[in-house]
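Student: Take this structure, written in structure tokens, and hold onto it; I'll ask about it next.
The values are calculated or read from the model by the stated rules, or taken from the named source; none is laboratory data. Being a predicted model, the structure only gives us computed values, none of them experimental. A quick note on method: Cβ atoms are made from the backbone with ideal geometry, for glycine too, and the neighbour counts reach across all protein chains shown. For the accessible areas, the whole protein counts, side chains as well, though only heavy atoms, and no ligand, DNA or RNA atoms are used. Shrake-Rupley method; radii C 1.70, N 1.55, O 1.52, S 1.80 Å.
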Amino acid sequence: MANAAIGGGFARALRAAGAAVLVAGAAGAAASDFRSVAEPAVLYDAPSQRANRLFVIGRGAPVEVIASDGTWVKVRDHTGDLAWVEKKALSERRTVVVSAPVAEIREQPDEQAPIAFQAQQGVLLELVATDRAGWARVRHADGSTGHVRISQVWGL
């Protein structure tokens, strides 16, 4: 009888621990960790310089960090491709890439605000700050700044 009680308590503890791990995993998956590439870097199919080289990613490109393995990081680019890159190739500086055919960057975070400039699909913009819900403050390479709808860019 005593063994059944201990076993039942152990089983309940295991179920509770498993549920806590699932909840923590779901919360972690919801929060994305984005970085930018500090300088052109080779992306590999595994966390090793001996792995197959897939392609070179350009300086400033935003990537989403999926996993980390010591000095290597598994990342996703704006096209959805997954690859491994050395952690030292990434920067804390944040950029976004225009995903809409044309993004309208406005003077204020408001649909009615005047357009400061437009950016074509694939253009990199420096992320200055996140504004009100649904907007981000960005800077173009030429120094122009404004606010873009986050639905028009990738990297947030």
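Every residue, every condition in (1) in contact with a Gly (Cβ under 8 Å, 6 or more places away or on another chain); (2) among the polar types (S, T, N, Q); (3) on the phi > 0 side of the Ramachandran plot, yes or no:
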site: ILE66; (1), (2), (3): no, no, no
site: VAL73; (1), (2), (3): no, no, no
site: GLY80; (1), (2), (3): no, no, yes
site: GLN121; (1), (2), (3): no, yes, no
site: LEU124; (1), (2), (3): yes, no, no
site: THR130; (1), (2), (3): no, yes, no
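Student: Related question: What are the pairs with Cβ atoms under 6 angstrom where one residue, in region 128-156, is polar (S, T, N, Q) and the other, located anywhere, is not in a strand (DSSP E or B)? Sequence gap at least six, or different chains.
Tutor: GLN152/ALA100
Student: Within region 144-156, track down each residue that is open to solvent by 70 Å² or more (accessible area, probe 1.4 Å) and either touching a helix residue (DSSP H, G or I) at 6+ places or on another chain (Cβ under 6 Å) or aromatic (Phe, Trp, Tyr) (or both).
Tutor: Of everything in region 144-156, just one residue is open to solvent by 70 Å² or more (accessible area, probe 1.4 Å) and either touching a helix residue (DSSP H, G or I) at 6+ places or on another chain (Cβ under 6 Å) or aromatic (Phe, Trp, Tyr) (or both), namely LEU156.
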